[in-house]
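These notes concern the structure reproduced below.
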Amino acid sequence: MGPYKLTAIRFMAMKGGSKYQALQDYLTRSERSPITLTFAEIESLIGSALPGSARTHRAWWSNRSKGALQASAWMLAGYTVKALDLASEQVTFHKPPTVYKVQRVGDVVQWDSELIRALRQHMGMTQAELAQELGVRQQTVSEWEKGVYTPTRASAKYLTLVAEKASFNYEVD
């Protein structure tokens, strides 16, 4: 990393945030959920253009906790990206519930796609990291989150143990 980049990083750190700090501040002050913003509105907030990848790659808008200053901005404000329309250049942020409603069959929590994604995001993990924690493939976590499959009884029990260890709040509906 060259001296210019180090200076820029130090300057950003001294200012107390990234160029997405204004987006974080806006979302933090908001009481609404969901909030739909156009890319132009976000650019107006941050005072500069979004990178080209924000307009062409869905991954730019992913709710990842590591290595993405833009995602850190909305996640630190308590929001996640719920919907993205690249064609109309709109993104919808929402605040996840503080307590999730779950169904049980016997003593086993029924883990659905939304609940698994919420647990992973609560833990600040990627799909690959959650897969490693659970001893399954990343593809398995992806398929759970897409609703292609649901966890087996054994996986559901382990997900429940992991959730309790991570202080993931849920209650039986």
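Quick look at the numbers
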read-out	value
Counting DSSP beta bridges with both ends in the chain, the antiparallel % (nearest 5)	80
Extension gain (nm, one decimal) between Gln132 and Val108, 0.36 nm per residue minus Cα-Cα	6.5 nm
Exceeding the 24 Å Cα-Cα cut-off - candidates Lys95/Lys157; Lys95/Lys146; Lys82/Lys157; Lys82/Lys165; Lys19/Lys165	Lys95/Lys157; Lys82/Lys157; Lys82/Lys165; Lys19/Lys165
Expected 222 nm ellipticity per residue - DSSP helices of 4 or more, -39500 (n - 2.57), all of the chain, to 500	-13500 deg cm²/dmol
Sorted by Cβ density within 10 Å, fewest first, the residues Asp107, Asp85, Asp112	Asp107, Asp85, Asp112
Contour minus Cα-Cα distance for Glu41 and Ser167 (0.36 nm per residue)	41.8 nm
Stretch gain in nm, segment Thr98-Arg58, where the contour uses 0.36 nm per residue and the Cα spacing is subtracted	11.8 nm
Rounded Å value of the spacing that divides the Cα centres of region 144-162 and region 87-118	13
Unit charges at the beta carbon, dipole of the chain: most positive-side option, Ala54, Ala166, Thr150	Ala54
Relative contact order [Cα under 8 Å, 6+ residues apart], region 100-172, whole percent	42
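Every read-out reported here was derived from the displayed coordinates using simple, explicitly stated rules and does not represent laboratory data. Quantities reported herein were computed from a predicted structural model and do not represent experimental measurements. Don't worry about glycine lacking a Cβ; one is built from the backbone with ideal geometry, like all the others, and counts go over all protein chains shown.
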